[in-house]
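Engineer: Got a structure for you, questions after.
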Amino acid sequence: MVQDRLNPKNDFIFQRLFGENEFRESTIFLLNAILGLEGEHQLRDLTIMENKQLAKEQLQDKTGRLDVRARAVSANCQYDLEIQLRDEYNMPQRTLFYVSKMVVESVKSGMNYLVMPKTVAINIVNYNQFAIDRFHTTFHLCEDEAPELRLSDIMEVHFLEYPKFRKVPKDLSIPLHRWLLFLDERITDEQLKELMEMDEVIRRTEERLEWLSGDDETRRLYEAREEALIDYNSSMEASWKRGIAEGRTEGKAEGKAEGKAEGKLEIARNMLHKGLKHELIAEITGLPLEEIRKLDSSPEQ
């Protein structure tokens, strides 16, 4: 590991590296690498929907979502990039919810459906999501028995799983391998030096990260986000263990499932406290809408 290097997979730092128009070159090259775009198909223009008002309250929100959104007018496409460090057991559902929401929000009054922008969601996750060996999976709306037949290209979802990527022999001639290695907090000094020597854009992105690492305010906000994520993980782990322990005490085989359920309830309570709508909470947690309403009317709230 490189000493004193902020973790690029911390979603706050990821947003500072790839979520600002001033430094969109890095975002363009990262997207080209993930989407496998080459030659005349490469992205060359991009407008990032910046979030300049990142308040400390947002960073300390255990359930807060810090993603990077961008648009490419020439490609008639919009993108959403998100880092997820812990498995919350709802990422596919949550992704479909946000992708659908972006599609709906892209439709203007009187718009011809044929000119709707394509929506691409990219999830970089620090855990195993699917029961296959490939670290990069891509999903479209396809016919069951003839997957080459697509209903539409209007939605596209990517998952990149780090535990699987770490097991793959690295080929630095592949742009995606270079960028995923750059983002890995476990990168060595030797690997980072090699990347910077062979990839000019990665070199400039690392220089940006070095500047952020040396900025006191950035470090303060980074640590606030890290603490929020640690608190959230600890809360989920405690709920999980409590469910297992209760299951063992009562002789229930579903103790582990109860721990997960309690974790979801705790997330829902936090979201209610933040004022999120019942329907949104139900979509994200997978809990029944009626249960969300009962939580909101309970004495604890």
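Engineer: Quick test of your reading of the structure: Lys256 fulfils all but one of (1) modelled with pLDDT under 80; (2) crowded, with 16+ Cβ neighbours inside 10 Å; (3) in contact with a Phe, Trp or Tyr (Cβ under 9 Å, 6 or more places away or on another chain). Name the failing condition by number.
Structural biologist: Evaluating Lys256 over (1) modelled with pLDDT under 80; (2) crowded, with 16+ Cβ neighbours inside 10 Å; (3) in contact with a Phe, Trp or Tyr (Cβ under 9 Å, 6 or more places away or on another chain) leaves (2) as the failure.
Residue-wise test of (1) among the polar types (S, T, N, Q); (2) exposed (fewer than 14 other Cβ atoms within 10 Å of the Cβ); (3) at pLDDT below 80.
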| residue | (1), (2), (3) |
| --- | --- |
| Ser173 | yes, yes, no |
| Ile202 | no, no, no |
| Glu206 | no, no, no |
| Leu212 | no, no, no |
| Glu223 | no, no, no |
| Glu246 | no, no, yes |
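Engineer: If I filter segment 71-99 down to residues being part of a loop (DSSP other than H, G, I, E, B) and hydrophobic (A, V, I, L, M, F, W, C), which single residue comes out as nearest to Glu279 (Cα to Cα)?
Structural biologist: Leu85
Engineer: How many residues does segment 12-55 contain that are in contact (Cβ under 8 Å) with a residue 40 or more places away in the chain and in a helix (DSSP H, G or I)?
Structural biologist: 19
Engineer: Could you figure out which of (1) part of a helix (DSSP H, G or I); (2) open to solvent by 80 Å² or more (accessible area, probe 1.4 Å) isn't true of Leu181?
Structural biologist: Only one criterion is unmet by Leu181, namely (2).
Engineer: Looking only at residues that are among the β-branched types (Val, Ile, Thr) and open to solvent by 30 Å² or more (accessible area, probe 1.4 Å) in segment 103-131, which one is modelled with the highest pLDDT?
Structural biologist: In this case the residue turns out to be Val104.
The values are calculated or read from the model by the stated rules, or taken from the named source; none is laboratory data. Worth saying up front: this structure is predicted, and the values here are computed from it rather than measured. Cβ coordinates were reconstructed from backbone atoms using ideal geometry, including for glycine residues, and neighbour counts include every protein chain displayed. To get the accessible areas, we keep the full protein, side chains included, count just its heavy atoms, and leave off ligands, DNA and RNA. Shrake-Rupley method; radii C 1.70, N 1.55, O 1.52, S 1.80 Å.
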